[in-house]
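What follows is a set of notes on a single structure, which appears directly below.
Taken together, the values in this text are just the output of simple stated rules run on the coordinates, not laboratory data. Since the model is a prediction, treat every value here as computed from it, not as a measurement. Neighbour counts are summed over all protein chains in view; Cβ atoms, including those assigned to glycine, are modelled from backbone coordinates with ideal geometry.
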Amino acid sequence: MLTIHNPQHHLHQGSHEMFRGRLVPCHETAQRLDHVLAELQRRGVAPLRPPADDGGGGALDTALAQIHDPRYLHFIEHAWSEWVALDPGNAERDALPSVWPAPGMRRDVLPDNFAARMGLFSFDAGTPLTAGSWLAARAGAACAIEAAREVSSGAVRAAFALSRPPGHHAGADFFGGYCFLNNAALAAQALRDGGAKRVAVLDVDYHHGNGTQAIFDARSDVLTVSIHGDPMTEYPFFLGHADERGTGAGAGFNLNLPLPRGTDFARWRAALHRALDAIRTFGADALVVALGVDTFEGDPISGFLLRSSDYLQVGRDIAGAKLPTVFTFEGGYAVAEVGVNTVNVLEGFSAS
Ligand code: SP5
Ligand code: ZN
């Protein structure tokens, strides 16, 4: 399978995330992607290349602005230099938000204060912004968009955008859940722009794809489907329930399939078949798979029980949709197994 990988992903290296009143080492590390890359190379998956277009011509910024708010993009681009300008010592520390507007407070006024804007444009304290976060996220978005264009042109049936930071928790104007730019949404929009009338996004990461759902909430041309840990107990908690079906013109074009902690592959696969049925009924012309492998039984922050060999079947099942497909790389924190599990999905897909 054509894989477009992000050569700048190392520039995003958070050190700590807030968890139960302490700063704990980040789960979303650079080694995750390096393990996937090594496994692709070990198993001879080809072609494998960085994006050809470095985005210097402005086309990338135009594509980012189709999904993200201009105020948000401007903030993320300049946040690190603002952070260091507050105190030169900040160059040694990641920036984390610590104050957010509650309902009833103002979101329409952009504060001057940096901490206030960090809160306005985020939803958790688990997503450190570092010196290279913007450059890494931007180059990662370029991977997703280029993968979609290669699929749209008919050059390939499927492509994998191997990038980090991940994307599916990022909304039009907020970061969180280790995500800054929504790669799956950018790929879906690029597929639409490339001629697909209806695009489905299938999110199989352990966590609900709240950013992607919110971005396409009122649209009927993009069906969003997510299989995830029940938000009653699982992150991101405040979205991802089964009764969220889309709003306005988008009513009926979102499907959430929450499952309890402890769900095994048989039960998870039944949800996958429901998701694929919905995608078939919708009449999708193209598919984006937000591929997180934090559904793995050994994942340190998640609660499903998929085994490494199950991911081959996941790939085969997804191939059964017979759609031009873009995979984006999302979560998966069992570092030693993240490569095998991810490449198993791609191999199962390609072999079908
Ligand atoms: C892309 C993606 O998978 N994002 C997930 C973000 C989850 N963030 C909150 C996780 C908190 C779990 N912390 C557990 C620490 C145990 N040592
Ligand atoms: Zn996840």
Item to check | Exposure proxy order (Cβ contacts within 10 Å, fewest to most) of THR263, THR328, THR127 | outcome: THR263, THR127, THR328
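How would the stretch 49-112 be classified by its alpha-carbon gyration tensor: rounded, prolate or oblate, with rounded meaning a/c under 1.5 and the a/b versus b/c comparison settling the rest? Don't skip to the answer; put the middle values down first.
On the way: a/c = 2.64, a/b = 1.33, b/c = 1.98.
The shape class here is oblate.
Which number do you get for Rg(Cα) / (2.2 N^0.38 Å) in the stretch 1-154?
Working: Rg = 17.7 Å, N = 154, 2.2 N^0.38 = 14.9 Å.
Against the compact-globule rule of thumb, the ratio is 1.19.
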Next on the checklist: Which one, LEU259, LEU276, ASN183, projects farthest toward the positive side of the charge dipole computed for the chain from Cβ point charges (K/R +1, D/E -1)?
Outcome noted: LEU276
Next on the checklist: If you average the alpha carbon positions of the stretch 70-140 and of the stretch 239-279, how far apart do those two centres end up, in angstrom?
Outcome noted: 32 Å
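Got the relative contact order for the chain handy, in percent, Cα pairs under 8 Å and 6 or more residues apart? Please list the in-between numbers first.
Working: 795 pairs, mean separation 65.2, N = 352.
Result for the chain is 19 percent.
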Checklist outcome for this item: Quick calc, PHE19 & ASP221: beta-carbon distance into FRET formula, R0 45 Å, rounding 0.05, result 0.75
Checklist outcome for this item: Between ASP53 and ASP69, the two model label points (7 Å from Cα along the beta-carbon direction) sit apart by a distance in nm of 2.6 nm
Next on the checklist: Classify the chain from the C-alpha gyration tensor, please: rounded if a/c falls under 1.5, else prolate or oblate depending on whether a/b exceeds b/c.
Outcome noted: rounded
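Determine the shape class of the stretch 225-324: with a ≥ b ≥ c the square roots of the Cα gyration tensor eigenvalues, call it rounded for a/c under 1.5, and otherwise prolate if a/b is greater than b/c, oblate otherwise.
Details: a/c = 2.22, a/b = 1.16, b/c = 1.92.
It is oblate, given that a/c is not under 1.5 and a/b is not larger than b/c.
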Item to check | Positive dipole terminus of the chain, leading residue within HIS68, GLY303, ALA319 (C-beta point charges) | outcome: ALA319
Checklist entry - Quick one: length gained pulling ALA351 to MET232 fully straight, 0.36 nm per residue minus the C-alpha distance? => result 39.1 nm
Checklist entry - Can you list, bin by bin at 10 Å, the percent of alpha carbon pairs in the stretch 151-273, starting at 0? => result 14, 43, 36, 8, 0
Next on the checklist: Which one, ILE301, ILE215, ILE318, has the greatest fluctuation when you compute a Gaussian network model over the chain with C-alpha springs under 10 angstrom?
Outcome noted: ILE301
Checklist entry - For the stretch 225-232, in order, what is each residue's ³J(HN,Hα) by Karplus, 6.51 cos²θ - 1.76 cosθ + 1.60 with θ = phi - 60°, in whole Hz (x at glycine and Pro)? => result 10, 9, 10, 6, x, 4, x, 4
Checklist outcome for this item: Of all trypsin sites (Lys or Arg not before Pro) in the stretch 1-101, the ones in DSSP coil with at most 16 other Cβ atoms within 10 Å are ARG20, ARG43, ARG93
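Which of the chymotrypsin sites (Phe, Trp or Tyr not before Pro) found in the stretch 160-248 are loop residues per DSSP with 11 or fewer other Cβ atoms within 10 Å of their Cβ?
Details: sites: PHE160, PHE174, PHE175, TYR178, PHE180, TYR206, PHE216, PHE237, PHE238; in loops: TYR178, PHE180, TYR206, PHE237, PHE238.
Hits after loop and neighbour filter: PHE238.
Size of the dipole of the chain about the Cα centre, Lys and Arg at +1 and Asp and Glu at -1 on the beta carbon, nothing else charged, in debye to 20?
Working: 28 positive and 39 negative charges, 145 e Å.
In total the dipole reaches around 700 debye.
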Checklist outcome for this item: Expected unfolding gain across ALA116-ASN90 under the 0.36 nm per residue rule, minus the alpha-carbon gap, is 7.7 nm
